[in-house]
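Values in this text are rule-based calculations from the coordinates and carry no lab data. None of these values were measured; they are calculated from a predicted model.
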Amino acid sequence: MSESKAILCRRRRKYPVLIEIKDSHEIDGEFHSSEVLCDGVLAELDDDGGWQLDYVEQSEGLEGSRAALRVQNRLVSLSREGEFPLEITLEQGVRHSCYYTTPAGLMRLGVFARSVESSISPSGGKIKLNYTLDFYADLMSSNQMEIKVLRSGAE
């Protein structure tokens, strides 16, 4: 097998993982936090060496929703399918808009990522996010999320 084909094969590998998501946010001076564990799949992206985590949501109210988290340098995007779909982009130092579906309807939110850190490899790693959400430029919440990815089985 040629070297370029070997690289392509490595880049397409998928790894079973255990995902630990710790989320905390402050809304109007009140702090809330949650912690969730779930099984997932870590796959290397073909385009630029980024990574994608695929998993089924376990958070209260989102159970059974399918989620995909893409990590490429200091850019993280999350898409969720299910009762409350979501497409959100977190890019360090940049404000993006996203649409967030709630029981009350569709909301357009601003997302500003203060910091995006990732250290993902085939053996797992960590993603740390610090960001704010705003509604028509009024601050809604300050958020921190830490996602740990641990290899959970053989390839």
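Only helical runs count toward this figure. For the chain, summing -39,500 (n - 2.57) over DSSP H runs of n ≥ 4 and dividing by all residues gives -1500 deg cm²/dmol at 222 nm.
Total lysine pairs in the chain at Cα distances under 23 Å, for residues eight or more apart or on different chains: 9. Our coupling estimate for the range 82-90, obtained by passing each phi through the Karplus curve with A = 6.51, B = -1.76, C = 1.60 and θ = phi - 60°, is x, 4, 10, x, 8, 9, 9, 10, 10 Hz, Gly and Pro reported as x.
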